[in-house]
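Okay, so here's the structure we're looking at.
The values are calculated or read from the model by the stated rules, or taken from the named source; none is laboratory data. Model, not experiment: these values are computed from the prediction. For neighbour counting, all protein chains shown are included, and Cβ atoms are generated from backbone atoms with ideal geometry for every residue, glycine included. What goes into the accessible areas is simple: the full protein's heavy atoms, side chains included, and nothing from ligands, DNA or RNA. Shrake-Rupley method; radii C 1.70, N 1.55, O 1.52, S 1.80 Å.
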Amino acid sequence: MIKQILGKLPRKPSRSSSNDSNNDGGLNAHSSLNSSHGANSINNSKPSSNSSKTSNPSLGASRLNNGILAPNSKMNQGKKSASQLGPVMTSAVYEALPSFRDVPNSEKPNLFVKKLNMCCVVFDFSDPSKNLKEKDIKRQTLLELVDYISTVTSKFNEMAMQEITKMVAANLFRTLPSANYDNKNLEMFDPEDEEPAMEPAWPHLQIVYEFLLRFVASSETDAKLAKRYIDHSFVLRLLDLFDSEDQREREYLKTILHRIYGKFMVHRPFIRKAINNIFYRFIFETERHNGIAEMLEILGSIINGFALPLKEEHKLFLVRALIPLHKPKCVSMYHQQLSYCITQFVEKDFKLADTVIRGLLKYWPITNSSKEVMFLGELEEVLEATQAAEFQRCMVPLFHQIGRCLNSSHFQVAERALFLWNNDHIRNLITQNRRVILPIIFPALERNTRGHWNQAVQSLTLNVRKIFSDADQELFDECLVKFEEDEVKQMETREKRELTWKRLEDLATSKAVSNEAVLVSSSVSSIAIATGTSPRTTAGG
């Protein structure tokens, strides 16, 4: 009798049954990966459509399952670990779901969600021989999702967007492998010499990127609704991935971020500010980042679309971020894209030419010849968009620098500087202002003509001299006379210096025998000061 009474009492549910009651649909696509129950529930075709209509854990909302309230904190922890670390399915059953072609249209949205949940499982690609069958099933499923999202004819609802962003986050958002360099060896680090690491999980990542790209570009994606899920946090984590060493990944990120910028107008200021912050950290802290070129390529398109007159925010971006990007040693990795952005600003607002040219002069390289050649190429592009008034504001410091480039012992630097005269617009600007410019660069031209070791540089210099002499022979002769006078003065100064040193040597020799201190007279001190030599050094012989 007692047994019969006890048998009618409700039993405490077992642990396995409680797990099963919570593992329906997309809820535990992440957290169930460490148990066989969760993996089975992903592939189980029995869950009803009611389970897929419940709120998604990515929103942090609790849900009722058989009258049991699932706590928010546990679900949020599950999602966080999935999107940051990437869940890895090891020994659970992983089977393909039916194809979209095999189900009626009314069932396709539910099947779409199930396939998305199935693709939240992330496999370990460090071992190529591991989970081969499951990896192929996931790849085929991802391809089906790409095909479905490209051909869908109805707007994506909120639930579908939740599941889409959850699947994308689970696969893409991860900690990138540590780079091959150390903070202590910044001086030795050269990105051009480093072999880029290829992402081993690319067979899956590529399809996920393609899926995200088509979702963002789809006409069935409502931007007003999607902005709740492709939000600031989502954008920031996409930007973090630009530091990937795999160029294929950065190319996809570039295209996707550009599409997001175009579609979600509400995110535009935030995206620009976030890119600014990456640039600031790169310029002033690390000088290491793999995705600067791709970000600049996006910005080049954005700058091209800026409305006139330019906002003060955009001008500050030019001065505080773009111009200082000339400073890092690895500028060659992104200089082409940077030069395009700079030129776009000058073409938008010609009054910025003076600011840009003075910025280039501020960061002009001294010992890096290849970098100097790049700067001269960029300078030509900027000068081509510069008008006379702005040119006159900066021409004096500019041509002092060009004069130094003309006399460079590196023939490519001198040659590139002389090529500026091949540009009709720049040549006209120089000719119009020859009375200021020629006296500055004439000594450099004359020294090249008389003594540069490279024959091509000498030939180009003669051509430039002829341009000036044809334009204004009188000014040319005046500069030549002044140059020769300066040469005579320099020769006299050099002779005086040599005589002074000889006198000091003779005096030191005569006093060496007696070990007497050598006293420097006031005349010797004045000569030493005039020639830039310290009297103490002079006295020491």
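Which percent of Cα-Cα pairs in the range 359-506 sits in each 5 Å bin, short to long?
2, 9, 18, 19, 19, 13, 9, 5, 3, 2, 1, 0, 0
Roughly how many percent of the accessible protein surface of the range 359-506 is carbon and sulfur, given a 1.4 Å probe and a whole-percent answer?
Carbon and sulfur together cover 50 percent of it.
Can you list the HN-Hα couplings for the range 145-153, worked out from phi with the Karplus curve (6.51, -1.76, 1.60; θ = phi - 60°), rounded to whole Hz and with x for Gly and Pro?
5, 4, 5, 5, 5, 7, 10, 5, 10
Given the pairs K224/K315; K362/K489; K273/K351; K115/K224; K138/K263; K135/K227, which span a C-alpha to C-alpha distance of over 27 angstrom in this model?
K224/K315; K362/K489; K138/K263; K135/K227
Could you work out the Rg to Rh ratio of the range 102-183, with Rh taken as the Kirkwood radius (inverse of the mean 1/r over all Cα pairs)?
Across the range 102-183, the Cα-based Rg/Rh ratio is 1.08.
In whole angstrom, how long is each semi-axis of the equivalent ellipsoid of the range 292-339, when you take the square root of 5 times every eigenvalue of its Cα gyration tensor and sort them from largest down?
Each semi-axis is the square root of five times an eigenvalue, giving 21, 13, 6 Å.
So how do 223-232, 490-499 stack up, highest first, on mean other-Cβ count within 10 Å?
Put in order of decreasing packing, that is 223-232, 490-499.
Compare the peptides 445-455, 234-244 by average per-residue count of other Cβ atoms within 10 angstrom and give them in order, highest first.
Answer by packing, highest mean first, reads 234-244, 445-455.
Enter the accessible area per residue of the range 359-506 (Å², integer; probe 1.4 Å; all protein chains in place).
Per residue, the range 359-506 has 52 Å² of solvent-accessible surface.
Placing unit charges on C-beta atoms (Lys and Arg positive, Asp and Glu negative, everything else neutral), compute the dipole magnitude of the range 359-506 about its Cα centre in debye, rounded to 20.
Computed about the Cα centre, the dipole is about 340 debye.
For the range 239-357, which semi-axes, largest first and in whole Å, follow from the square roots of 5 times the eigenvalues of its Cα gyration tensor?
They are 21, 18, 12 Å, listed largest first.
Using the Karplus curve 6.51 cos²θ - 1.76 cosθ + 1.60 with θ = phi - 60°, work out ³J(HN,Hα) for each residue of the range 228-238 in order, rounded to whole Hz, and write x for Gly and Pro.
So the Karplus estimates, Gly and Pro as x, are 5, 10, 8, 9, 4, 4, 4, 5, 4, 6, 5 Hz.
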